[in-house]
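For reference, the structure is listed below as structure tokens.
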Amino acid sequence: MHARCFLVALMFLFGWGGAAPAGPLPAVDEDAVTRPDDPEIVEWMGRTAPMTEAERASALDAILARMTAGGGETPRTDFMTCAALAHRGEGRAQYCVGQAYENGTGVVEDPTDAYVWYALAARAGYGAGAEARERVKTLLVSVYPAPTDEELDTLEAAALEAVARLGAEARK
């Protein structure tokens, strides 16, 4: 219930209230750390679709500030908001998803996924993504067995395909 109240307050704060799809808000378990499935991502893409560019920027500013400060009170909502915007191809949101995977904020910690999302952020022109990608790659090559460059390229290509596929599905 607390999560639902927060989401309603967040929607009111960013002015989404009148533009949000009809029906109940998705239940959010803020302690969840599972990877979202495709239908969950598409649902959140629909929830963030009415946001203006200024609202998206403001939301990402707030989320990145909470992540930098060590989490926040709404890790899963923050992650899902970033994931929805990241699947729309927004570089700063892709960086945000990389941070979430790197630090385990709202999702299971996974440096390989962090690398992939940072790489997508860099590809989208978000400068901090390239620096973070290289930092995480250094971490990845220090583990055994380290992923090869080809494996990382394959994962990045798969993520690009998922972004395109889910973006098209959300526009239906």
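The values are calculated or read from the model by the stated rules, or taken from the named source; none is laboratory data. All figures in this text were calculated on a predicted structure; none of them were measured in a lab. Counting neighbours? That spans all protein chains shown, and the Cβs are built from the backbone with ideal geometry, glycine included. Remember, those area values only see protein heavy atoms, side chains included, never the ligands or the DNA or RNA. Shrake-Rupley method; radii C 1.70, N 1.55, O 1.52, S 1.80 Å.
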For this session: Considering (1) within 16 Å of Gly167 (Cα to Cα); (2) part of a loop (DSSP other than H, G, I, E, B), say which one Gly70 fails and leave the rest.
Result: (1)
Exercise. Which condition breaks for Val136 when tested against (1) open to solvent by less than 60 Å² (accessible area, probe 1.4 Å); (2) of a type outside the set (Lys, Arg); (3) assigned to a helix (DSSP H, G or I); (4) without any contact (Cβ under 8 Å) to a residue 24 or more places away in the chain?
Worked result: (4)
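Select from segment 24-55 the residues that are in a loop (DSSP other than H, G, I, E, B) and either open to solvent by 40 Å² or more (accessible area, probe 1.4 Å) or at positive phi (or both) and list them in ascending order.
So the first thing to find is which residues in segment 24-55 are in a loop (DSSP other than H, G, I, E, B), and the list is 24-37, 49-52.
If the condition is that a residue be in a loop (DSSP other than H, G, I, E, B) and either open to solvent by 40 Å² or more (accessible area, probe 1.4 Å) or at positive phi (or both), then Pro24, Ala27, Asp29, Asp31, Val33, Thr34, Arg35, Asp37, Ala49, Pro50, Thr52 are the ones that fit.
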Exercise. What number of residues in segment 85-103 are open to solvent by 40 Å² or more (accessible area, probe 1.4 Å) and over 18 Å from Val33 (Cα atoms)?
Worked result: 3
Exercise. Residues of segment 130-156 being within 20 Å of Pro36 (Cβ to Cβ) and among the aliphatic types (A, V, I, L, M), which ones?
Worked result: Leu155
Exercise. Which ones in segment 104-114 are in contact (Cβ under 8 Å) with a residue 40 or more places away in the chain and open to solvent by less than 20 Å² (accessible area, probe 1.4 Å)?
Worked result: Gly106, Val107
For this session: Can you tell me which residue among Ala121, Ala164 is small (Gly, Ala, Ser), at pLDDT below 95 and assigned to a helix (DSSP H, G or I)?
Result: Ala164
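Does Gly106 meet the test of being part of a loop (DSSP other than H, G, I, E, B) and either touching a strand residue (DSSP E or B) at 6+ places or on another chain (Cβ under 9 Å) or under 21 Å from Val33 (Cβ atoms) (or both)? Outline the logic, then answer.
Details: part of a loop (DSSP other than H, G, I, E, B): yes; either touching a strand residue (DSSP E or B) at 6+ places or on another chain (Cβ under 9 Å) or under 21 Å from Val33 (Cβ atoms) (or both): yes.
Yes; evaluated as a whole, the condition is true for this residue.
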